[in-house]
Amino acid sequence: MPYSPLKILLVFLSISALSKAQTPSFQRVTLPAEVRSINCILKQDDKTMVLATNKGLVFVQNSIPKLVYDDKNPGLYKINKIIKDNSGNYWYGTYQNSVVHYRNGAVKEYSFSDLTEKTEIILGMNLQAAVLWFSTSEGNIFKLQIQSGKITKIESPTKTEVYSIQLESDGKMWIASNEGVFSKSGTAPWVPQNTFFQAFSMKQKDNEYWTIGRDKEYHVKLMYLYSYKTDLLKIRKQKWGDLIFNNLPTPYLKLNALDIDSEGMIWLASSEGIFKYDPYTAFSTWYSNNKYPEFEITNIQDIAVMNENEVWVTDGANLLIRITLTAE
């Protein structure tokens, strides 16, 4: 991580902030009974979270859920992944070989059933310009040309789950998969990044990337990449680096998802609760059922940051918890 004077100052501010304890409160949000699987949580705005579920989209505002579903076309509303474009419209991936554009209640489906012989679940999605990239439970990667509606299957380096797709401004692609991290530039072949045995999620913020997974000993692994091009030499400077944990309860826990707040803190969903990780000090604040019995979930499947003092988590079934931090 490049340390500018500003980031050095942030280190000292982060250390100072550790002395200010925060008390969590846990609110369970009651969802419609037919919702049995929360697969993805996405922040819509400062008041609303959107859930991708087995029974449609759920918009949660002020802890009040609103279900969007159509009984006439239930397959379109079995949703595993959702993202939002720059115009505020949604793209989501279904359980059954399709992606869907959602705008103010209107849906348009794009099916790729003719490109596969299996039923594939959408796991990763990313938009760049007028192209939607998405990956599946079978290790396949596709791109949808939005204007024409044409879907193309591209070569993949793996036959197992591809959980995340990230794209740099020049089109270089990164994926996190059950067989680790891979990158690809243009028509060049895929390049394995021998840093992960398994990689479960990757997040991008500007030119910074965070990836979670495991090494070959099944130890938890969190890595950081800063990617940029020099104007003078026109070459890319990249190097993955390990981020160290100072106080994990066990090195064998599984990290399932991550999100980043406005202060640069990394929020991690794990098999042992959630962690607020400070990348400047390597200190983690752990919130778990062991410490807080009112926190009903142990194995957290997804996490979304509303702001630096509020996060939302799910067990992947029908439990949705809003966690609010207040200064003591």
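The values are calculated or read from the model by the stated rules, or taken from the named source; none is laboratory data. As the structure is a prediction and not an experimental result, all values here were calculated from the model. Here the Cβ is made from the backbone with ideal geometry for all residues, glycine too, and neighbour counts use every protein chain on show.
Examine the range 36-45 for a residue that is modelled with pLDDT under 95, assigned by TED's automatic domain parsing to the domain that holds Ile122, touching a strand residue (DSSP E or B) at 6+ places or on another chain (Cβ under 8 Å) and among the acidic types (Asp, Glu), and state whether such a residue exists. There is no residue in the range 36-45 that is modelled with pLDDT under 95, assigned by TED's automatic domain parsing to the domain that holds Ile122, touching a strand residue (DSSP E or B) at 6+ places or on another chain (Cβ under 8 Å) and among the acidic types (Asp, Glu).
For the range 168-177, the criterion of being touching a residue at least 24 places away in the same chain (Cβ under 8 Å), closer than 23 Å to Leu255 by Cα, not basic (Lys, Arg) and not in a strand (DSSP E or B) is met by no residue. Entry remark, the range 59-80: residues being farther than 26 Å from Ser113 by Cα and β-branched (Val, Ile, Thr) number 2 in total.
Scanning the range 271-304 for residues that are in a strand (DSSP E or B), of a type in the set (A, V, I, L, M, F, W, C) and surrounded by fewer than 20 Cβ atoms within 10 Å (Cβ to Cβ) gives Phe283, Trp286.
For the range 278-294, check the following and say yes or no: at least one residue is charged (D, E, K, R) and within 28 Å of Asn80 (Cβ to Cβ). For the range 278-294, residues charged (D, E, K, R) and within 28 Å of Asn80 (Cβ to Cβ): absent. Of everything listed in (1) at pLDDT 95 or above; (2) surrounded by fewer than 21 Cβ atoms within 10 Å (Cβ to Cβ); (3) of a type outside the set (Ser, Thr, Tyr); (4) not in a loop (DSSP other than H, G, I, E, B), the single unmet condition for Ala199 is (2). Please give the number of the condition Leu67 fails out of (1) surrounded by fewer than 20 Cβ atoms within 10 Å (Cβ to Cβ); (2) of a type outside the set (Ser, Thr, Tyr); (3) touching a helix residue (DSSP H, G or I) at 6+ places or on another chain (Cβ under 7 Å). Tallying (1) surrounded by fewer than 20 Cβ atoms within 10 Å (Cβ to Cβ); (2) of a type outside the set (Ser, Thr, Tyr); (3) touching a helix residue (DSSP H, G or I) at 6+ places or on another chain (Cβ under 7 Å), Leu67 fails exactly one: (3). Testing Trp133 on (1) surrounded by 15 or more Cβ atoms within 10 Å (Cβ to Cβ); (2) assigned to a loop (DSSP other than H, G, I, E, B), one condition comes back false. Which one is that? That leaves (2) as the condition not met.
Table: residues versus (1) farther than 25 Å from Val50 by Cβ; (2) without any contact (Cβ under 8 Å) to a residue 40 or more places away in the chain; (3) not assigned by TED's automatic domain parsing to the domain that holds Asn73.
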residue: Gly93; (1), (2), (3): no, no, no
residue: Thr116; (1), (2), (3): yes, yes, no
residue: Glu120; (1), (2), (3): no, yes, no
residue: Asn140; (1), (2), (3): yes, yes, no
residue: Thr152; (1), (2), (3): yes, yes, no
residue: Thr158; (1), (2), (3): yes, yes, no
residue: Gln166; (1), (2), (3): no, no, no
residue: Glu179; (1), (2), (3): yes, yes, no
residue: Ser185; (1), (2), (3): yes, yes, no
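The residues in the range 19-71 that are among the hydroxyl-bearing types (Ser, Thr, Tyr) and assigned to a strand (DSSP E or B) can be counted, and the count is 4.
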